[in-house]
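What follows is one structure encoded as structure tokens, with my remarks underneath.
The values are calculated or read from the model by the stated rules, or taken from the named source; none is laboratory data. Values in this document were obtained by computation on a predicted structure and should not be read as measured data. Glycine gets a Cβ as well: all are built from the backbone with ideal geometry, and neighbour counts include every protein chain shown.
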Amino acid sequence: MTSLNLVRIGNILKSQRLMLGLSIRDLSAKCGVSAGTISQIETGKTAPNLVSVYTLCETLGFPISALFVEDCDERISLVRKNERNSFTRNTSNGQSIDEALIIKGEHQMWGGVITMPPHTSSGAFYYHEGEEFIFILQGNLTFELENYPPYELYEGDTLYYPNEIGHRWENKSDQETKLLIVSTSEFEQGPSITLD
């Protein structure tokens, strides 16, 4: 069983209180937790009960979960532009459709930038679990969700959809298109597919 880091919890509560310009007495008056209890919690001298902590967090305006999240470093992922893991997503009309991962590692979502040369497509409808969000960075794209009219998307447009709906996209223009895709589905980099 993991022990609570009482000093860390106290420091977070104190920092939030000071940021709001409240004295311990001010906070006590607002939330009904005694000033002595607040002082002991902030100095890490006592394990606070859940009701007191919840009341303090509500009054200070931040989620109680923030007190119990430690060791977040491995959950934060910075990917520099020159460090992107790039690969060929598939080949369409004799041209490579490239993707550069911008979120990597063991996360509940992944993201990538897909570059679509003119007159290329992602292939047949694709079905999987999760949700996806796309943002058109450059150019325009015809995006199809099965059993729905096609969406004509232009630079700056976004589209969200659940992945169980069949989805595919096509660049019908004479210009390159770039889109940002963020997905909660499990990322799998399969073999390159030729769609000539």
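Taking residue 165, is it outside any loop (DSSP other than H, G, I, E, B) and in the same structural domain as residue 184 (by TED's automatic domain parsing)? Give the derivation first.
On the way: outside any loop (DSSP other than H, G, I, E, B): no; in the same structural domain as residue 184 (by TED's automatic domain parsing): yes.
The answer is no for residue 165.
Can you pull out every residue in the stretch 28-46 that is part of a helix (DSSP H, G or I) and of a type in the set (D, E, K, R)? Give the derivation first.
Filtering the stretch 28-46 down to residues part of a helix (DSSP H, G or I) leaves 28-31, 35-42.
Matches in the stretch 28-46: 30, 42.
So which residues in the stretch 15-54 are crowded, with 18+ Cβ neighbours inside 10 Å and within 29 Å of the chain's Cα centre (by Cα), if there are any at all?
16, 17, 53
Check the stretch 134-147 and report whether any residue there is closer than 28 Å to residue 82 by Cα, surrounded by 14 or more Cβ atoms within 10 Å (Cβ to Cβ), β-branched (Val, Ile, Thr) and without any contact (Cβ under 8 Å) to a residue 40 or more places away in the chain.
no
Would you be able to tell me the number of residues in the stretch 20-65 that are of a type in the set (D, E, K, R) and under 19 Å from residue 7 (Cβ atoms)?
Taking the stretch 20-65 first, the residues of a type in the set (D, E, K, R) are 25-26, 30, 42, 45, 58.
Then keep just the ones that are under 19 Å from residue 7 (Cβ atoms); that gives 42, 45.
Selection size over the stretch 20-65: 2.
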